[in-house]
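Rule-based calculations on the coordinates, nothing more; no lab input. This structure is a prediction, so every number in the text was calculated from the model and none was measured. FYI the Cβ positions are ideal-geometry reconstructions off the backbone, even for glycines, and counts take in every protein chain you see.
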Amino acid sequence: MKPPLRSLLGIEQLTTAQIESILALARRMDPSRPSQLLRGKRVALLFYESSTRTRTSFEFAAKTLGATTTLVTPVSSSIEKGESLIDTGWTVANLGADAIVMRHANSGAAYLLARYVRVPIVNAGDGMHQHPSQALLDALTITNHKKRLNGLRVVIVGDVYHSRVARSNAELLSRFGADIVFCGPPDFVPEISASLAPGVTACHDLNIALQGADVVMALRVQKERLAGKDISVEDYIANYQVTPQRMKLAKPDAVLMHPGPVIRGMELTSEVADGPQSCIHEQVRNGVKTRMAILAMLLGAAR
Ligand code: NCD
């Protein structure tokens, strides 16, 4: 038997049973009912990158379970003075943190810190690598609507190359038998991306990719990342923006997802973001439940 989960670093480290038990626990969590499950625990939020949803939901999740939180960001901390990640991690742990939730621009940063500090680390996004809590909350959202993952066609469209959300989702969903289609221009969806996991394919034509889709997951596209690429902003919008017309190519009951932040008019239109198929608000709500489950599990209050 695998030992209990110590840190949450990436989807690949989780067994299928561990994923299922986090999702089952998340379904039982009620953010509107504060509890004392983590009373006396201290959760440090170590955020080297900006965040709205992830940071706030981890904070609300910890506080709803009775834990206290503290936020450490580069501005106004010793990080600004040049302190290294590991020294900052040691400091936060020695100050009494029982867990560190961290976001960092470098891929692998959470894995590195987990090797040096004794407290559980939760990876809240490391560079282009992993964002496991996002994939878990997305799986929760999809199963709320589809009751299964096996056999679903999930089209992930946008800047897949830079997206830790795409990587974590593809690993998790394909593990449960979903067919993942990465879609975007070749600069954002290199053919090699399809080798990430069995069940993942790459497609550069959104009108083809969307046919028969059960889930359409749009990703943020930063205009500046298109600079110097083979495709202009206008061409991106013409070929890859998720519009009401394109949504009609997917199954009639397809759901539309986006991890946020949404750049309206770029990766999707407002009609789609605010339309009847959109689960964007539900994803945000499920973020709190999922992060409550993650913290409860890692801090030993729920197994
Ligand atoms: C994503 C992230 O930061 O990885 N946002 C999020 O956590 N919900 C996606 C993004 O910033 O594009």
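For the range 188-203 versus the range 2-41, the inter-centroid distance based on Cα atoms is 29 Å. The charge dipole of the range 205-278, taken about its Cα centre with unit charges on the Cβ of Lys, Arg, Asp and Glu (plus for the first two, minus for the last two), comes to roughly 100 debye. Taking the Cα centre of the chain as reference, the dipole from Cβ charges on Lys and Arg (+1) and Asp and Glu (-1) amounts to some 1340 debye. Estimated from helices alone, the mean residue ellipticity of the chain at 222 nm is -10500 deg cm²/dmol (sum of -39500 (n - 2.57) over DSSP H runs with n ≥ 4, per residue).
By its C-alpha gyration tensor, with a ≥ b ≥ c as the square roots of the eigenvalues, how is the range 173-292 shaped: rounded for a/c under 1.5, else prolate for a/b larger than b/c, else oblate? It is rounded, given that a/c, with a ≥ b ≥ c, falls under 1.5. Look at the dipole of the chain built from charges on Cβ: of 257, 68, 54, the Cα furthest out on the positive end belongs to 68. Each of residue 71 and residue 105 was given a label point 7 Å from its Cα along the Cα-to-Cβ line. The distance between the two points is 1.9 nm. Extending 7 Å from the Cα toward the beta-carbon at both residue 208 and residue 78 defines two label points whose distance is 5.6 nm. What is the range 225-297 by shape, rounded, prolate or oblate, if you read a ≥ b ≥ c off the alpha carbon gyration tensor as root eigenvalues and call it rounded for a/c under 1.5, prolate for a/b larger than b/c, and oblate otherwise? Judged from the Cα gyration tensor, the range 225-297 comes out oblate (a/c at least 1.5, b/c at or above a/b). Based on Cα contacts under 8 Å between residues 6+ apart, the range 132-279 shows a relative contact order of 23 percent.
Can you list which of the trypsin sites (Lys or Arg not before Pro) found in the range 88-132 are DSSP loop residues with at most 13 other C-beta atoms within 10 Å?
Passing both the DSSP loop test and the Cβ count: 118.
Roughly speaking, what is the centre-to-centre gap between the range 75-89 and the range 241-303 when only Cα atoms are used, to the nearest Å? About 33 Å separates the Cα centre of the range 75-89 from the one of the range 241-303.
For the range 213-289, which trypsin sites (Lys or Arg not before Pro) pass both filters: DSSP loop (anything but H, G, I, E, B) and at most 12 other C-beta atoms within 10 Å?
248
Neighbours of residue 26 by Cβ distance under 10 Å: Lys/Arg scored +1, Asp/Glu scored -1, total +4. Assuming charge only on the beta carbon of Lys and Arg (+1) and of Asp and Glu (-1), the dipole of the range 173-249 about its Cα centre is about 260 debye to the nearest 20.
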